[in-house]
Structures are given as structure tokens and as C-alpha cells.
Amino acid sequence: MAAGKPETGTIELSARYSGAEVLITVRDDGRGLNPQKIRDRAISRGLMSENDDLSESEIFRMIFQPGFSTVEQVTELSGRGVGMDVVMRTIGSLRGEIDLESEPGHGTTLTLRLPLTLAIIDGMLVEVGGEKYTIPLAAVEECVELPVLHTVGNGGSSYLNIRGDLVPFVRLRHLFETDGQPPQHQKVVVVSASGGRVGLVVDRIIGNYQTVIKQLSQFHAVLKFFSGATILGDGTVALILDATQLVALGRDVETRARRETAA
């Protein structure tokens with residue numbers, strides 16, 4: 001109540017379909033996570049050093065470490081550090097992932113991302129370095145031509161001015177370590193997810209297709225920028241890009257670029 005919130009807390013549970021996944025979101029309006037407190041506890045437990053420059057999202061993920069807790073005194077209800085690591089292992093066994101966002105004083109949002117066994121989506125087929133990729137059409141906002149801009153920060157990232165809004169963009173050629181020279185006129189596909197936007201620089205936009213999603217094997221689970229694959233009409237395989245992960249990458253690159261500029 002002192003923070004101007006209702007006396008009764010609220011927990012929201014929602015589920016929706018997004019591309020090749022089902023997103024289950026749990027959101028509360030509590031006090032949120034304290035990144036400095038989590039960082040201090042992680043350093044004291046040897047999970048990181050004082051010199052590590054981790055983003056806020058990377059610090060938040062420390063709470064999934066076994067036995068991790070910031071509570072000073074252990075009670076029957078909290079402080080034992082049992083729970084979040086079990087959740088992470090269970091979701092991982094389903095080949096899913098957990099996204100965590102928190103704003104101190106406002107609350108925390110956990111999103112469970114679980115793959116579908118089979119689905120048909122509308123996708124935009126693009127080409128990068130001679131390879132074809134599919135972007136879920138539901139995540140695509142618009143496509144524009146890539147202007148000549150000064151690169152800001154590392155990772156081949158810069159900003160695109162779209163009607164007065166600065167949108168970070170990522171060169172997929174750089175991300176996928178593609179050899180060869182890009183074409184003179186590249187395209188930018190602006191995608192949105194989880195309340196954010198990022199531009200994906202591609203060599204060529206081929207067109208829109210209905211895509212039958214094939215799940216990747218557990219061996220490829222570490223490829224976090226892909227949510228699945230599809231077989232094209234000519235028999236070739238096109239990987240399906242994960243818009244949520246790419247938007248998160250754009251946010252991280254933007255944050256690091258701001259730190260470098262400030263330094």
C-alpha cells in the first residue's frame with residue numbers, strides 16, 4: 001500500500017499460441033526482483049565474479065541455480081532454494097525454455113515457452129547468404145530497405161529510424177557467421193515479440209508461404225535463435241527463426257551499446 005498498489009496482490013495466468021510454441025505467462029504485481037541483491041548473492045556463492053559484466057536478464061537467471069535464494073533466514077515457506085531449479089529442469093525436459101522479466105517495485109513476469117509437436121503457420125521466407133529461413137508472419141510488422149547507417153556498438157547492430165522511433169536491428173549474416181559479400185540492397189524485416197521490436201537484416205525476401213513446422217531434435221536444442229524447421233517444396237530445409245529470442249538479442253545488444261557509449 002505504501003507503494004501505491006492495492007492491498008491485495010494479483011497473479012495473472014495466460015496462455016497463447018505464438019509461431020511454433022505455446023506461451024504460458026505468469027505475472028504478478030509484487031515488488032519484483034532486486035538485481036543487485038541477486039548479483040551479491042551470486043558472487044558470494046562463487047557463481048560469478050565481481051568483474052563479470054552481466055546484463056540484467058542474465059543476473060535474473062541466477063535464481064534458477066540449484067539452492068539459490070536471497071532470503072536471509074530459512075523458513076518452511078522460503079529460503080531453502082528449492083523450486084526454480086526444478087521448474088527449469090522440468091521445462092528443459094520438454095524442450096521448452098523460461099523467459100523472465102522483472103521491474104523492481106512493479107512485479108515479475110515468467111513466460112514458459114513450450115514447443116508444439118506439429119503446427120502449420122504462415123511464414124515469410126527470406127534468404128541470408130544463400131540459405132533460406134522462415135520468419136513467422138504473425139511476428140512481422142513491416143519490411144523496409146536497409147539504408148546506409150553508421151554502426152553503433154558491437155555485434156553488427158545499429159538503429160533504424162521508423163517514423164521517428166529508433167529500432168535496433170541485427171545483421172543475420174553477422175549472427176550466423178555467413179561468408180561472402182552481402183548484396184548491395186539488403187532488406188530489413190521488422191519483427192515484434194514480448195513488447196519489443198527488432199529489425200532483421202536479410203539478403204532477399206522471397207515471399208509468404210504456409211509452413212509445416214518440424215521440431216528440432218534435442219541435439220539442436222542449444223540453437224536458441226531457431227524454433228523449428230520446415231521442408232520446402234524443392235526438398236530443401238529452411239530453419240524457422242525464433243522472433244522472441246531475436247528481439248531479446250536486440251535488447252541486449254542495445255543495452256551493451258548504450259553502456260559503451262556512456263563509457
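The values are calculated or read from the model by the stated rules, or taken from the named source; none is laboratory data. Here the structure is a predicted model, which means the values were calculated and not measured. All Cβ positions, even for glycine, are placed from backbone atoms using ideal geometry, and neighbour counts span all protein chains on display.
Observations on the model:
- Verdict on E141 being surrounded by fewer than 19 Cβ atoms within 10 Å (Cβ to Cβ) and more than 24 Å from V222 (Cβ to Cβ): yes
- Test for D99: is it acidic (D, E), assigned by TED's automatic domain parsing to the domain that holds K37, more than 18 Å from G250 (Cβ to Cβ) and at pLDDT below 90: no
- Residue check, V126 modelled with pLDDT of 75 or more and of a type outside the set (S, T, Y): yes
- Any hit, the stretch 188-196, residues being touching a helix residue (DSSP H, G or I) at 6+ places or on another chain (Cβ under 6 Å), closer than 28 Å to E58 by Cβ and among the hydrophobic types (A, V, I, L, M, F, W, C): yes
- Every pair of residues 6+ apart whose Cβ atoms lie under 9 Å, when the first sits in the stretch 18-32 and is outside the structural domain of I98 (by TED's automatic domain parsing) while the second is modelled with pLDDT under 90 and surrounded by 19 or more Cβ atoms within 10 Å (Cβ to Cβ): none
- Scanning the stretch 71-93 for residues that are modelled with pLDDT of 75 or more and either surrounded by 15 or more Cβ atoms within 10 Å (Cβ to Cβ) or assigned to a loop (DSSP other than H, G, I, E, B) (or both) yields a total of 5.
- Residues of the stretch 214-240 classified as assigned to a loop (DSSP other than H, G, I, E, B) and either outside the structural domain of L125 (by TED's automatic domain parsing) or surrounded by fewer than 16 Cβ atoms within 10 Å (Cβ to Cβ) (or both), total: 10
- Members of the stretch 46-70 that are β-branched (V, I, T) and at pLDDT 85 or above: I59, I63
- Selection over the stretch 1-42 of residues that are closer than 30 Å to D122 by Cβ and part of a strand (DSSP E or B) gives a count of 14.
- Residue pairs whose Cβ atoms lie under 8 Å apart, sitting 6 or more positions apart in sequence or on different chains, and linking a residue in the stretch 38-67 that is within 17 Å of L100 (Cβ to Cβ) to a partner that is among the aromatic types (F, W, Y), are I38/F60; R41/F68; A42/F68; L47/F68; M62/F68.
- Single residue of the stretch 197-213 satisfying the filter (of a type in the set (D, E, K, R) and either touching a helix residue (DSSP H, G or I) at 6+ places or on another chain (Cβ under 9 Å) or crowded, with 17+ Cβ neighbours inside 10 Å (or both)) that is farthest from D242 (Cα to Cα): D203
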